[in-house]
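The values are calculated or read from the model by the stated rules, or taken from the named source; none is laboratory data. Small disclaimer: the values here were computed from a predicted structure and weren't measured. Note that each Cβ is placed from the backbone with ideal geometry, even for glycine, and that neighbours are counted across all protein chains shown. To get the accessible areas, we keep the full protein, side chains included, count just its heavy atoms, and leave off ligands, DNA and RNA. Shrake-Rupley method; radii C 1.70, N 1.55, O 1.52, S 1.80 Å.
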Amino acid sequence: MKALLLYPEFPDTFWSFKHALKFIRKRAALPPLGLLTVAAMLPGEWEKRLVDVNVRPLRPKDLAWADVVLISAMIVQRDSARALIARCRAAGKTVVAGGPLFTVEHARFPEVDHLVLNEAEVTLPEFLRDFARGEARHVYTSPELPELEATPTPLWKLAELRRYASMSVQYSRGCPFDCDFCSVTAMFGQRPRVKTAAQIIAELDGLWQHGWRGSVFFVDDNLIGNKRSLREELLPALVRWRQGRRGVTFFTEASINLADDAELLQLLVAAAFDMVFIGIETPEEASLTECNKRQNRSRDLIADVKRIQRAGLEVQGGFIVGFDNDPPAIFQRQIDFIQKSGIVTAMVGLLQAVPGTKLHARLEAQGRLLGEPTGDNVDGTMNFIPRMNRETLRDGYRRLMDHLYAPGPYYRRIRTFLLEFQPPHLPGAVTLQDLFAFGRASLRLGILGRERFHFWGLLLWTLWRRPRRLPQAVMLSIYGFHFRTCCTALGA
Ligand code: B12
Ligand code: SF4
């Protein structure tokens with residue numbers, strides 16, 4: 001059996017980093033970890049190939065080679081997924097689909113032969129048994145949330161690792177919190193399930209053996225969901241693993257209560273974590289209550305962010321406008337908060353209701369739903385009727401984004417961040433890729449860009465005040481170019 005694993009295209013969105021990737025000669029930010037994991041669960045005797053269309057196009061000869069196509073996607077890849085499925089069907093191939101898009105929207109894909117939903121650890125074995133007998137059903141689904149000890153190491157060899165900016169591994173699934181807009185708990189539950197430290201070390205060894213020497217994203221929904229196993233098992237193992245292995249750093253996602261645990265912060269930094277994404281959402285208490293983001297309530301969120309930055313982790317932040325309790329002043333309050341916090345990569349989205357979430361159910365019951373979400377929450381669309389006047393919300397949101405990513409405020413945020421950020425001196429030589437990125441940034445941002453004075457001003461300031469942070473200053477300038485180009489009316 002010849003299995004083609006197919007990953008649809010990400011549109012030009014905030015997290016695609018498309019405009020930044022050119023500076024480092026990469027095609028995509030991250031590999032399709034779900035598909036690489038599924039590949040490792042397929043029978044060993046099957047031949048397997050991966051086509052991630054973010055990296056290279058799907059060619060007719062790829063389809064001609066395949067007996068069966070396995071496709072994965074999240075909502076934001078819906079259009080590309082549909083187009084690819086149509087091509088597979090036109091070529092007469094059997095299509096098997098799984099992953100987050102199909103798990104929440106399977107009824108909208110009758111053209112797929114087999115929908116193998118939820119977590120493949122549970123549903124795939126049953127499908128494979130039936131498929132081998134020629135009796136496979138249309139839909140395989142299960143509410144079971146499997147333990148992860150049996151999850152195999154992703155088949156890294158299928159991916160062209162050098163085409164990606166970062167690699168990814170997953171230690172846990174699920175999150176103990178219950179924010180009402182989030183599909184993580186709906187899909188993966190509130191009890192964080194973890195792999196063993198030995199499994200993660202085997203995954204990292206695999207990446208190392210395939211020559212990977214860059215950053216690795218722990219794609220956990222909330223890495224600190226199970227603090228005990230993190231503190232006692234994973235982090236000590238990572239600290240040991242990185243001895244004598246230069247060049248590999250980690251980043252992840254966590255909840256804001258990370259700021260309360262100085263020892264854990266120290267351990268993360270010792271294990272080579274240098275960045276964390278945190279869902280901050282809003283400085284408006286009533287909106288935090290509304291969406292049940294209880295872990296963010298009654299806190300000095302700016303002080304929390306600064307504590308994490310001082311410990312040596314850059315903080316990326318997720319923010320949302322469009323809650324029922326948002327007052328008209330919310331746009332300026334978000335701007336003030338973000339500028340003060342020094343969160344350079346601040347992803348502000350308009351609230352969208354994803355199927356399967358409590359928010360979706362609530363809005364449906366209130367008769368306020370308008371359709372399905374686009375999956376890209378920075379594209380300015382909403383799939384429900386907001387409490388605030390829709391035009392006021394849309395205009396306020398546009399102004400907010402344009403302001404945050406305009407060169408003046410953006411470069412000021414980088415300085416605020418660099419003043420606070422106190423990373424340990426991790427070993428790491430300047431690579432050819434860094435030099436290329438710097439050359440390209442000098443040309444694109446420093447000569448052609450309208451931010452040229454901000455760019456050179458920042459570099460001179462960094463050389464004077466924080467010379468060791470020069471690579472970060474260049475990288476964040478490049479990110480700013482991407483955010484301006486993809487997500488604001490300003491362009492670059
Ligand atoms: C990494 C990640 C990303 C990366 C994706 C990179 C990449 N190349 O894949 C980036 C950063 C780009 C990203 C972006 C976004 N993401 Co995202 N992301 C994740 C995250 C944290 C991990 C995904 C992952 O690798 N998981 C590990 C693998 C092993 O799990 P998996 O892919 O689910 O695969 C398992 C099963 O689904 C199944 N499976 C998967 N594929 C297939 C295929 C077949 C054939 C079969 C049989 C089975 C199967 O088997 C696997 C093993 O059980 C998930 C959360 C999560 N816990 O999964 C969110 C998640 C996928 N993202 C989500 C969202 C909403 C977003 C954003 C909209 C966030 C935002 N606010 O902007 C953006 C959208 C993109 C954009 N704006 O550009 C949602 C998706 C909702 C949905 N139903 O589609 C998730 C679930 C998180 C959430 N908040 O609910 N994301
Ligand atoms: S803390 Fe993050 S992952 Fe957990 S439920 Fe809230 S938004 Fe979802």
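Please state the Cα pair-distance histogram of region 336-447 with 10 angstrom bins from zero: what percent is in each bin?
11, 26, 28, 20, 12, 2
Pairs of Cα atoms under 8 Å, at least six residues apart: use those to get the relative contact order of the chain, whole percent.
Numbers: 874 pairs, mean separation 66.6, N = 492.
14 percent.
Can you give me the long-range amide H partners of ILE280? Hydrogens built in the peptide plane at 1.01 Å from N, cutoff under 5 Å, separation of 5 or more residues or another chain.
GLY318
Roughly speaking, to the nearest percent, how much of region 226-288's 1.4 Å accessible area is carbon and sulfur?
Its accessible area is 48 percent carbon and sulfur atoms.
Let me know the shape class of region 130-189, please: from the alpha-carbon gyration tensor, a ≥ b ≥ c as square roots of the eigenvalues, rounded when a/c is under 1.5, otherwise prolate if a/b is greater than b/c, or oblate. Kindly include the intermediate steps, with their values, before the conclusion.
Numbers: a/c = 2.00, a/b = 1.01, b/c = 1.99.
It comes out oblate by the Cα gyration axes.
Classify region 402-473 as rounded, prolate or oblate from the Cα gyration tensor: take a ≥ b ≥ c as the square roots of its eigenvalues, call it rounded if a/c is under 1.5, otherwise prolate when a/b beats b/c and oblate if not.
Values: a/c = 2.11, a/b = 1.19, b/c = 1.77.
Oblate is the answer for region 402-473, as a/c is 1.5 or above yet b/c matches or exceeds a/b.
How many percent of all Cα-Cα pairs in region 27-71 sit more than 16 Å apart? Don't skip to the answer; put the middle values down first.
Values: 421 of 990 pairs.
Beyond 16 Å sits 43 percent of the P(r) for region 27-71.
Place a +1 charge on the Cβ of each Lys and Arg in region 104-244 and a -1 charge on the Cβ of each Asp and Glu, then give the dipole magnitude about the Cα centre in debye, rounded to the nearest 20.
Taking the Cα centre of region 104-244 as origin, the dipole is about 680 debye.
Heavy-atom accessible area per residue, region 451-492, 1.4 Å probe: how many Å²? Numbers along the way, then the final one.
Details: 2030 Å² over 42 residues.
Accessible area per residue: 48 Å².
Which value, in Å², gives the accessible area per residue of region 87-170 when a 1.4 Å probe is used on the protein heavy atoms? Display every interim value, and only then the final one.
Numbers: 3810 Å² over 84 residues.
Dividing the accessible area of region 87-170 by its residue count gives 45 Å².
For region 230-347, just the Cα atoms, rotate onto the principal axes and tell me the three extents in Å, largest first.
53, 25, 20
In the chain, with Lys and Arg counted as +1 and Asp and Glu as -1 at Cβ, which of these residues, LEU351, ILE447, ALA365, has the Cα nearest the positive end of the dipole, that is, farthest along it?
Positive-end residue among those listed: ILE447.
How much accessible area per residue does region 192-270 have, counting only protein heavy atoms and a probe of 1.4 Å, in square angstrom? Before the final figure, lay out the partial values.
On the way: 3030 Å² over 79 residues.
It amounts to 38 Å² per residue over region 192-270.
Does region 85-141 come out rounded, prolate or oblate, given a ≥ b ≥ c as the square roots of the eigenvalues of its C-alpha gyration tensor, rounded meaning a/c under 1.5 and, failing that, prolate meaning a/b above b/c? Please list the in-between numbers first.
Values: a/c = 2.12, a/b = 1.13, b/c = 1.88.
It comes out oblate by the Cα gyration axes.
Note the direction-averaged projected area, equal to a quarter of the hull surface, for the Cα convex hull of region 155-202, in nm².
Numbers: hull surface 19.5 nm².
If you wrap the Cα atoms of region 155-202 in a convex hull and average its projections, you get 4.9 nm².
Taking only Cα atoms of region 1-155, what ratio of Rg to Rh do you get with Rh as the Kirkwood inverse-distance radius? Can you show the working numbers first?
On the way: Rg = 15.3 Å, Rh = 16.0 Å.
Radius of gyration relative to Kirkwood radius: 0.95.
Which of LYS48/LYS93; LYS2/LYS157; LYS18/LYS48 have a Cα-Cα distance over 25 Å? Display every interim value, and only then the final one.
Details: LYS48/LYS93 15 Å; LYS2/LYS157 16 Å; LYS18/LYS48 27 Å.
Listed pairs above 25 Å: LYS18/LYS48.
With viscosity set to 1.306 mPa s and temperature to 10 °C, compute the Stokes-Einstein D of region 155-278, Rh being the Kirkwood radius across alpha carbon pairs; µm²/s, no decimals.
Numbers: Rh = 15.0 Å.
This corresponds to a translational diffusion coefficient of 106 µm²/s.
Per DSSP H run of n ≥ 4, the term is -39500 (n - 2.57); total these for the chain, divide by its residue number, and report the mean residue ellipticity at 222 nm rounded to 500 deg cm²/dmol. Numbers along the way, then the final one.
Values: 19 runs with 197 residues, N = 492.
Value at 222 nm, helices only: -12000 deg cm²/dmol.
Residues with amide H under 5 Å of LEU50's amide H, sequence separation 5 or more or different chain, H placed in the peptide plane at 1.01 Å from N; which?
Those qualifying (amide H under 5 Å, at least 5 residues apart or on another chain) are LEU5.
Ignoring any ligand, DNA or RNA, what whole percent of the accessible area of region 77-139 comes from carbon and sulfur when the probe is 1.4 angstrom? All intermediate terms of the calculation are to be shown ahead of the outcome.
Numbers: 1410 of 2760 Å².
For region 77-139, the apolar C and S fraction of the accessible surface comes to 51 percent.
Within straight cross-link reach of LYS227, meaning Cα distance under 20 Å, which lysines are found once same-chain residues fewer than 8 apart are removed?
LYS195, LYS293
What is the percent of Cα-Cα separations in the chain that go past 31 Å? Display every interim value, and only then the final one.
Details: 54286 of 120786 pairs.
The answer is 45 percent, as a whole percent.
Can you tell me which lysines have their Cα less than 19 Å from the Cα of LYS306? Leave out same-chain residues fewer than eight positions away.
LYS340
Could you grab the Rg to Rh ratio for region 85-229? Cα atoms only, Kirkwood for Rh. All intermediate terms of the calculation are to be shown ahead of the outcome.
Values: Rg = 17.2 Å, Rh = 17.3 Å.
Ratio of gyration radius to Kirkwood radius for region 85-229: 0.99.
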